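Encoded as structure tokens, the structure appears first; notes follow it.
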Amino acid sequence: MDLLVVGGGPAGLATALHAARAGLEATVWEQRAGTIDKACGEGLMPGAVAGLTALGVHPPGYDLRGIRYVAGAHRADAGFRAGPGRGVRRTVLHAALHEAVLAAGVRVEQRAVRRVEQDEDGVVVDGTRARHLVAADGLHSPIRRALGLHRPRRAHRRHGLRRHYVLTPWSDHVEVHWARDAEAYVTPVSDDLVGVAVLTTDRGPYDDHLAAFPELQERLAGAGTATPARGAGPLRQDASARTAGRVLLVGDAAGYVDALTGEGIALALAQASAAVRAVGNGDLAAYEREWRRLTRRYRWLTHALLGATRVPPLRAALVPAAQRLPWLFSAAVDALARPPGT
């Protein structure tokens, strides 16, 4: 086959869809059965909605008009200029992409990967030969580690936890509530369901983290929980390169800074397209250059924001500053909302 994709999440499925559109024979291997859930914010930025639309994928959800920062009495709002984003349950997004992949004639097999070998003509994965391999096997990518591309990090390890509440959304914005040591991301995903994700460096139960947000906790009081708390992390993952021989890393497997700016799906979709172009053109080195270009804005802005918010006085001043300088906050949100690389 032309392309074996390991990982059946959004990044892997999008890669397979792009491959099918390019006339490449592709197969997806995913070791987990059924619809795959993940602890994530579930807010698709307008760039992600545009990327899915280009693939003919239209997952139902809740239209999002912008971002709101909240810290005590301080509020800062910025609308999306490029059209709405969309709050979408991760399981709904996965099901829509999976259905599109099957409709495109791509095989999806429940298989785990144990051994990857390469030669001049291709890649052999557990005895199956392909011309190229895309590793889209997630944040803690075993293939990234097996190829020696993983760069360990121990400082500032942030984790995420998410739970859903049966509740009518009170806003058409993603609300980011700021506390001293954590942020809570409130994302409507349907007319009667709201997801609340917490990002923090502290370890502990979900309810303990939620207690740091008394206003949000009051909003959620009395609402039924639709899902148990689900966690992910550490979020920061580094790779020394995005290619090794005939293997390409796509999505979180290629490296991840933080979920702070909400660009994960948009970046995964853009990387999937770039990886397939590189395979089709026989120029894998081009993928490394394109990956850097596509992720540059995300990496710079996320690093800058994380660095600033590690300093307590700067963290406390962030939302008041955004409130005083709405043009600057709107410009930052607009930059994050655009498709990667534009």
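A short reminder: the numbers here are calculations on the coordinates, not readings from a lab. None of the values given here were measured: they were computed from a predicted structure. Positions of Cβ are backbone-derived with ideal geometry, glycine not excepted, and every protein chain shown enters the neighbour counts.
For the stretch 63-126, averaging the sequence separation of C-alpha pairs within contact (under 8 Å, six or more residues apart) and dividing by the residue count gives a relative contact order of 20 percent.
A cut-off under 13 angstrom between Cβ atoms defines the neighbours of Leu3, and their net charge, with Lys, Arg +1 and Asp, Glu -1, is +4. Placing pseudo-labels 7 Å out from each Cα toward the beta carbon at Asp208 and Ala241 gives an inter-label distance of 4.3 nm. Here each label is just a point 7 Å from Cα along the line to Cβ, and for Arg292 and Asp121 those points are 3.4 nm apart. Taking 0.36 nm per residue of separation and subtracting the Cα-Cα distance, full extension of the segment from Arg32 to Glu99 would add 22.5 nm. Karplus-derived 3J(HN,Hα) values for the stretch 230-242, using 6.51 cos²θ - 1.76 cosθ + 1.60 with θ = phi - 60°, are 10, x, 8, x, x, 6, 6, 9, 10, 10, 6, 7, 9 Hz; glycine and proline are entered as x.
Largest GNM mean-square fluctuation across Glu183, Glu290, Glu117, computed for the chain with C-alpha springs under 10 Å, falls on Glu117. Taking amide H atoms as placed 1.01 Å from N in the peptide plane, the amide H of Arg236 lies under 5 Å from those of Arg158, each 5 or more residues away in sequence or on another chain.
Over the C-alpha trace of the stretch 1-145, radius of gyration and Dmax come out as 17.9, 62 angstrom. In this simple spin-label approximation, Asp63 and Thr225 carry label points 7 Å from Cα along the Cα→Cβ vector, and these lie 3.3 nm apart. Once C-alpha pairs closer than 8 Å and six or more residues apart are averaged by separation and normalised to the residue number of the chain, the relative contact order reads 24 percent. Label zone (Glu218, point 7 Å along Cα-to-C-beta; backbone nitrogen cut-off 15 Å) within the stretch 38-73: 71-73. For the stretch 212-283, taking Cα atoms only, Rg and Dmax work out to 18.4, 57 Å respectively. When peptides 6-13, 220-227 are ranked by their average number of other Cβ atoms within 10 Å per residue, the highest-first order is 6-13, 220-227. For the pair Arg81 and Met1, the difference between a 0.36 nm per residue extended length and the Cα-Cα distance amounts to 24.6 nm. Each Cα pair under 8 Å and six or more residues apart adds its separation to the average, and for the stretch 218-342 the resulting relative contact order is 23 percent. For the chain, the mean residue ellipticity at 222 nm estimated from helices alone is -11000 deg cm²/dmol, where every DSSP H run of n ≥ 4 contributes -39500 (n - 2.57) and the total is divided by all residues, rounded to the nearest 500. By the Cα gyration tensor, the chain has an equivalent ellipsoid whose semi-axes, rounded to whole angstrom, run 34, 20, 19 from largest to smallest. Just how far, in whole angstrom, is the stretch 36-105 from the stretch 156-188 if you go by their alpha carbon centroids? So the two Cα centres are separated by 15 Å. What shape does the stretch 226-342 have by the C-alpha gyration tensor, where a ≥ b ≥ c are the square roots of the eigenvalues, rounded means a/c under 1.5, and otherwise prolate means a/b greater than b/c and oblate the rest? It comes out prolate by the Cα gyration axes.
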